[in-house]
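Working notes, structure below.
Taken together, the values in this text are just the output of simple stated rules run on the coordinates, not laboratory data. Predicted, not measured: the structure shown is a model, and the values here were computed from it.
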Amino acid sequence: MVLVTLVLVSGAIRAAERDRTQTSQTSQPTQTSAPAPAVTTTPAPAQAPLQASLPSQKPVSARSGQIIELSVQSATPDIARIRDLGVSVPVGPGLEGTATFSAGAPGRYAVTLELAGQEIGAIDVSGS
């Protein structure tokens, strides 16, 4: 039983890392026409992501569309998942367990450890 659990967690971690690697290796489009003339504008200041950690008794509060950098800790190998936002990240001893994503529509989103079947926190999203 323990071996089966370790094999499942190991496979999930490898799949998550493979997916992360594949999405970071997107190719840049080639430019076939002359570049557009440069326009000088002052960029809006980039807003730093909301940083939060779980597990916690207090929910993470964010605004719709806000970038969240969520760190999840677990004493055992598992997968932290926010099902309604399509976010998952492997967690456990020696794993960083950090996911960066955009807060969805207003509402409450449960954060669970998949293998443990345990809710470890929530994200409360308000309108922008």
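Residues whose amide H falls under 5 Å from that of S53, counting only those 5 or more places apart or on a different chain, are S71, with hydrogens built in the peptide plane. Distances between placed amide hydrogens fall under 5 Å for A116 paired with I79, all partners being 5 or more residues away or on another chain. The smallest convex shape that holds all Cα atoms of region 43-128, its convex hull, gives 91 Å³ per residue. Our coupling estimate for region 103-115, obtained by passing each phi through the Karplus curve with A = 6.51, B = -1.76, C = 1.60 and θ = phi - 60°, is 5, x, 5, x, x, 10, 10, 6, 10, 10, 9, 4, 5 Hz, Gly and Pro reported as x.
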